[in-house]
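Shown next, in structure tokens, is the structure this report addresses.
Taken together, the values in this text are just the output of simple stated rules run on the coordinates, not laboratory data. Here the structure is a predicted model, which means the values were calculated and not measured. Quick reminder, even Gly has a Cβ in these numbers, built from the backbone with ideal geometry, and neighbours come from all protein chains shown.
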Amino acid sequence: MSLNSTLAAVTERIIRRSEETRSTYLERMRAQGRKGPARAHLSCSGQAHAYAAAGPDQPALAEATTGHLGIVTAYNDMLSAHQPFETYPALIRDAIRAAGGTAQVAGGVPAMCDGVTQGEAGMELSLFSRDTIAMATGVALSHNVFDAAVYLGVCDKIVPGLVIGAQAFGHVPAVFLPAGPMTSGLANDDKAKIRQKFAAGEVSRAELLKAEMAAYHGPGTCTFYGTANTNQMLMEFMGLHLPGSSFVNPGTPLREALTVEGAKRALSLSALGNNYTPVCEVLDEKAYANGIVGLMATGGSTNLLIHLIAMARAGGIILDWQDFAELSDVVPLLARVYPNGLADVNHFHAAGGLGYMIGELLKSGFLHPDTRTVAGEGLEHYVQEPFLSDEGLTYRPGPRKTLNDKVLRPASDPFQKTGGLRRLTGNLGTAVMKVSAVAPEHHVVEAPARVFHDQDDAKAAFKAGELAEGDVIVVVRFQGPKANGMPELHSLTPFLGIMQGRGQKVALVTDGRMSGASGKVPAAIHVVPEALDGGPIAKIRDGDMLRVDAVKGTLEILDENVLERDNATADLSSSQHGTGRELFSLFRRSVASADEGASVFGV
């Protein structure tokens, strides 16, 4: 099958746009690669410091005769998705030692849970934690003693931060090791209904907590298709996971075997052997184009519209939202996973998972087949599935037919012929909307605005009955990265869903973010310029007529006279201090706009 013409054109445009920055980056990485790890050149004192606690590995390290693997871990046991990583370092050290090499934990990076901080002050640190993780990765690898590295991370900002950090050491081979999703608990749709009932005052907090605990009940990633699981999908589509490894549950023999094999594979890709595969050559323009295709085909998290741009720029590659929009127009939606359907990621994996989907997209010309990956040359490796036999970890051809067409469909019969994203532009600014779970009758909303500067004020207005009648577009502004770190506004979802469910036409317009699990209510998010940058969103007042149109791709203030007004101002002092926010003032002052990745780093 020949390559889809839109994919070819978008990729070529990315290559041309990135020519100068990409070539500069690659030359810098190749120069570092020529120098190699510095451990052989360390002073005797430096080597003694590096190997002092290495136990049985000290002789091999001192003689510098074997490959040395660095482990960068985001382990903590408050995040269910990261709790399984507690045992990984010992497992990896033993496996690498048995293979004739050595391994050390290079360092740890922070990992916060957006599920805990939703609607709380800590969420204002969430987006900035990504770049903090990238910097912590740089610190971990700064000793420059490793021939290859493995990265242990799963959740929302953690994987993008690790990818950004890994690309700063792009001459070093990298393999990402997942932990896998928790087993299925209370169905996500049932959990959402309890949340809506609580928001409407129909159930008690005790009943809400019981439902939440039944949904989030054990080690592993949350089972809905939010940002964490979108990250895992991307790592396969972009060639940084072993094939079929993303959605294997924690604590299983197959999960352990994949961890061991991933660590051994990383060291086998070092410059010490004949298969040198630095991460800077895996994450090229085609890999990022494949990642965007995966995002559209799965109806993935809107957070990746920011993260992928920031990740790519760390490797000298410049993406923009138009690239996403054009690919969304042609890539078929092949999966229905909550919140885009009733199934969870365990059901998706059982139905054929990423291996089946990648095979369908390759056959249909929607993926570049000739990318470099940690599994070898070509994305065809990722249509295989792992299993355990008497010989250990083995691969076999993955399913060629979907095992559940309510969850996963072939490219010839997709859930819809286009992906799950719309780019909206107009006199209100530029925004994006995830439409894969939005019913067609809600794709266009024209209604008066109700304006808020805080999501808590919006919720209070709902509880007071102020939003009970008529169509309305809820505007929540001064929520961009410069204003308060661009927190997710996920706590708006239950009451907006109630309004929609009782027959009101409702939409959200915000310069903030929504959760990767958002879906059924049309939401024009990531509006740029943000209010604090003087964007038109700062001019809107209650009652102004707005139009959100996902069909035409427009975002408009219908009365042009509104654009002549002075911008509103907001008291943001409460976002400057407390819960660590004072430590991130430099980030708020220097962060780029959402369409440039909302990063504090340059290209």
Treating only the Cβ of Lys, Arg, Asp and Glu as charged (+1, +1, -1, -1), what charge dipole size does the stretch 421-596 show about its Cα centre? Round to the nearest 20 debye. 520 debye
Averaging over every viewing direction, what projected area does the convex hull of the Cα atoms of the stretch 1-132 cover, in nm²? 14.1 nm²
When every alpha-carbon pair in the stretch 442-517 is counted, what percent end up more than 18 Å apart? 35 percent
Low-density loop positions, chymotrypsin sites (Phe, Trp or Tyr not before Pro), the stretch 524-603 - DSSP coil, at most 16 other Cβ in 10 Å: Phe601
Binned at 5 Å from zero, the C-alpha pair distances of the stretch 474-516 give percents of 6, 22, 28, 22, 13, 6, 3, 0
Using every alpha carbon pair in the stretch 302-386, what percent of pairs falls into each 10 Å bin from 0 up to the bin containing the largest distance? 14, 34, 45, 7
J(HN,Hα) series, the stretch 358-374, from Karplus relation 6.51 cos²θ - 1.76 cosθ + 1.60, nearest Hz, glycine and proline x: 4, x, 5, 5, 5, 4, 8, x, 9, 9, 6, x, 9, 7, 7, 9, 6
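How large is Rg/Rh for the stretch 223-345, to two decimals, with Cα atoms and a Kirkwood Rh?
Using Cα coordinates only, the ratio equals 1.00.
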Each residue of the stretch 418-424 in order: what ³J(HN,Hα) in whole Hz does its phi give by Karplus 6.51 cos²θ - 1.76 cosθ + 1.60, θ = phi - 60°, with x for Gly and Pro? 10, x, x, 9, 10, 9, 10
The long-range amide H neighbours of Thr373, using H built 1.01 Å from N in the peptide plane and a cut-off of under 5 Å, are Gly378
What stretch of the chain, leaving out the sites themselves, is the longest with no trypsin sites (Lys or Arg not before Pro) in a DSSP loop having at most 16 other Cβ atoms within 10 Å? 1-399
Relative contact order of the stretch 450-603, please, whole-number percent, based on alpha carbon pairs below 8 angstrom and at least 6 residues apart. 21 percent
At q = 0.12, 0.14, 0.16 Å⁻¹, what is the base-10 log of I(q)/I(0) for the stretch 421-596 according to the Debye formula with one equal point scatterer per Cα and no solvent? Please give it to two decimals. -0.50, -0.69, -0.91
Only bridges with both residues in the stretch 421-596 count here: give the DSSP antiparallel percent, nearest 5. 55 percent
Quick check: from the Cα gyration tensor, does the stretch 22-96 come out rounded (a/c under 1.5), prolate or oblate? oblate
Ala64-Asn76 pseudo-label distance in nm [points 7 Å out on the Cα-to-Cβ vector]: 3.7 nm
Which value results when the Cα radius of gyration for the stretch 72-164 is divided by 2.2 N^0.38 Å? 1.15
Given contacts defined as C-alpha pairs under 8 Å and at least six residues apart, what's the relative contact order of the chain, whole-number percent? 15 percent
At most 15 other Cβ atoms within 10 Å plus a DSSP loop assignment makes a site exposed; report the longest stretch of the chain without any exposed GluC sites (Glu not before Pro). 203-390
With x for Gly and Pro, the residue-by-residue ³J(HN,Hα) of the stretch 526-537, computed from phi through the Karplus equation 6.51 cos²θ - 1.76 cosθ + 1.60 at θ = phi - 60° and given in whole Hz, is 6, 4, 10, x, 6, 4, 5, 8, x, x, x, 4
Express in % the proportion of alpha carbon pairs of the stretch 369-455 at distances exceeding 14 Å. 81 percent
With only Lys, Arg, Asp and Glu charged, each at its Cβ (+1 for the first two, -1 for the last two), find how big the charge dipole of the stretch 287-418 is about the Cα centre; round to the nearest 20 debye. 260 debye
Given C-alpha coordinates of the stretch 92-232, what is the ratio Rg to Rh with the Kirkwood estimate of Rh? 1.08
If you average over every viewing direction, what projected area does the convex hull of the Cα atoms of the chain give, in nm²? 26.5 nm²
